[in-house]
Amino acid sequence: MNKKVIGITIIIFGSYLLVGNTLMSLLFNYAGPIGWDVPISPTDYWRNWWNNFGLGTIIIAVAGLILIILAIRILIKNNNRTMIITESNQIH
């Protein structure tokens with residue numbers, strides 16, 4: 001498989017992990033009481049969310065950031081190789 005395709009695929013997947021998964025976790029992981037209509041303060045809600053889902057969300061976001069950085073390095077290295085090959089193929 002072409003290095004450029006691999007790099008772009010990794011960037012797309014890493015972007016999902018960094019942005020998409022974080023937003024989905026914030027929006028859809030409910031950390032409040034289930035069942036009875038018990039009032040809960042915002043600080044208790046966010047404390048519960050952090051204890052239940054926060055660490056996993058942060059770890060996944062960091063993994064996405066690492067994937068993006070690695071993919072950018074792959075693309076830059078591939079671009080440098082392409083430039084060297086084209087320069088060596090030119091006739092002076």
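The values are calculated or read from the model by the stated rules, or taken from the named source; none is laboratory data. In this text the structure is predicted, and so the values were computed from the model without any measurement. Methodologically, a virtual Cβ is constructed for each residue, glycine included, from the backbone with ideal geometry; neighbour enumeration extends over all protein chains shown. Areas reflect the complete protein model, heavy atoms only, side chains present, ligands, DNA and RNA absent. Shrake-Rupley method; radii C 1.70, N 1.55, O 1.52, S 1.80 Å.
Among the listed values [x] 33, 16, 8; [y] 47, 10, 7; [z] 18, 15, 13, the one computed from these coordinates for semi-axes √(5λ) of the Cα gyration tensor in Å is [y].
Where only DSSP H runs of four or more residues are counted, the chain gives -23000 deg cm²/dmol as its mean residue ellipticity at 222 nm, each run worth -39500 (n - 2.57).
Do any chymotrypsin sites (Phe, Trp or Tyr not before Pro) in region 1-67 lie in a loop, going by DSSP, with at most 13 other beta-carbon atoms within 10 Å of their beta carbon, and if so which?
Those satisfying the criteria are 30, 36.
When the Cα positions of 63, 80, 35 are compared along the charge dipole of the chain, 80 comes out farthest toward the positive end, with charges on each C-beta of Lys, Arg, Asp and Glu.
Expressed as a whole percent, the accessible surface of the chain that belongs to carbon and sulfur atoms is 69, based on a 1.4 Å probe. In the chain, the longest principal axis of the Cα atoms and the axis of helix 55-89 are about 10 degrees apart.
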